[in-house]
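Here the structure is laid out as structure tokens; the discussion comes afterwards.
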Amino acid sequence: MGVGTGVAGSASVDDAPAKPAVASIEPVVVEACDGTRSAPAGDPGMLGCARWHIVLREGGVPKGLIVADGYDALIAERERQLAFAREHARFFDAPLDPRFADPGPPVCSTCELAAPQGRWGEGQVLGDGPALRAVTAAQGELTALASAIDEHLPRLRDVARLARESTTSKAAKDHAKQLHQAVLELAELRLALDDAVILRSEKLATDAGRSARTRIDALAASSSALAGALGKLVAKAHGGSYAEEGAGADGPHLEVVLDGATVTATYKVGGAKSTWFEGTVGLDGAIAGRSLLAPESGQLSCKAHTVDCGYVYVDAMLRFSERPVDGGKTQQVAELWFRRAKWVMAKPFIR
């Protein structure tokens, strides 16, 4: 769930990132099944293409593919990947990978890339039933890798900021490296899977699928390690007990506990307790999740603080601030915000 870092006077918590701007029409080529190319006549968006792709090259040698269903989508995806490569190089003091320095032109492929169909018969030496199954499995793994990249790619600037914090630096740099390698490897594997389809190769397809799964697991592991490092940083700063303001030391209090990046805030009064907030620490530092509240309309069916009694989950944020007190000291304030028709804050807790 995307939650902004502020409430009053800040951007809406529902604001979504703007879609990448599509570049103006640029020269494209039409590629036939035999590899011959020609210039198109008319609007590229009106071409009858089996698919669109751009070849990533290094020293003129094809190293990977960017693929899409249409011209506009292809240009937008290329610009997104190039933007990531530039920002990664800038924030992590690395040279721009040469594969991003010389992308080929947008290509309208008129040749349908048909998957193996058991052309020579199941079980024969040249049978391609195994290739078909391997290609199908690999396509699923590449789709999963693309989804994993889509999840992490927009967070690069947050990762770069964490790379400058001593306690999260190593984990952040490791995650950025894994993400950079994942973007490049996806392009490489798309080219390899194309070759597997054309050559009807079970081995090429199997290797591509296995590599994609390995990269997905590595990306997940580096993300989890970074979340854990960030959670330790936040726990050290904000974990602990906060007294309800004005209630006194023996009154109700909020216990904030972090387990990795998972945050739980429990409201305690004497021996009674209930979970008021559960969420996670985002890479941008926001602590977002949900709280269980009484509904705005209707009645509760019982006294327990549960969904069965009629309570409902709403979006929530946990925020911390410093309040000056006498003698130049400060108090830490925990603020629990809930979203009803608008965002509202519960009574603050202090320590």
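With the structure loaded, tell me whether T280 is over 30 Å from G129 (Cβ atoms), modelled with pLDDT of 90 or more, assigned by TED's automatic domain parsing to the domain that holds R340 and loosely packed, with under 15 Cβ neighbours inside 10 Å or whether it fails that test. Here the answer is no, as T280 does not meet what is asked. In region 157-181, the qualifying residues are those that are aliphatic (A, V, I, L, M) and surrounded by fewer than 21 Cβ atoms within 10 Å (Cβ to Cβ), and the one that is farthest from P98 (Cα to Cα) is A163. Please go through region 134-160 and pick out each residue that is among the charged types (D, E, K, R) and either touching a residue at least 40 places away in the same chain (Cβ under 8 Å) or touching a strand residue (DSSP E or B) at 6+ places or on another chain (Cβ under 7 Å) (or both). E141, R155, R157, D158 - these are the residues of region 134-160 that are among the charged types (D, E, K, R) and either touching a residue at least 40 places away in the same chain (Cβ under 8 Å) or touching a strand residue (DSSP E or B) at 6+ places or on another chain (Cβ under 7 Å) (or both). Candidates are the residues of region 249-277 that are at pLDDT 90 or above and among the acidic types (D, E); the one that is surrounded by the fewest Cβ atoms within 10 Å (Cβ to Cβ) is D259.
Checking L204, L184, L193 one by one, the residue that is assigned by TED's automatic domain parsing to the domain that holds R78 and surrounded by fewer than 20 Cβ atoms within 10 Å (Cβ to Cβ) is L184 and no other. Considering only region 79-97, I want to know if a residue exists there that is closer than 20 Å to L186 by Cβ and in contact with a Ser or Thr (Cβ under 9 Å, 6 or more places away or on another chain). Within region 79-97, none of the residues are closer than 20 Å to L186 by Cβ and in contact with a Ser or Thr (Cβ under 9 Å, 6 or more places away or on another chain).
D308 meets all of the listed conditions (1) more than 33 Å from the chain's Cα centre (by Cα); (2) in contact (Cβ under 8 Å) with a residue 12 or more places away in the chain but one, namely (2). For region 89-117, the set of residues classified as in contact with a helix residue (DSSP H, G or I) (Cβ under 7 Å, 6 or more places away or on another chain) and of a type in the set (A, V, I, L, M) consists of A94, L96, L113, A115, listed by residue number. Note on region 27-105: enclosed strands (runs of 3 or more DSSP E) holding 1 or more residues that are surrounded by fewer than 12 Cβ atoms within 10 Å (Cβ to Cβ) are 61-68.
The values are calculated or read from the model by the stated rules, or taken from the named source; none is laboratory data. Everything numeric in this text was worked out from a predicted model, so none of it was measured. Here the Cβ is made from the backbone with ideal geometry for all residues, glycine too, and neighbour counts use every protein chain on show.
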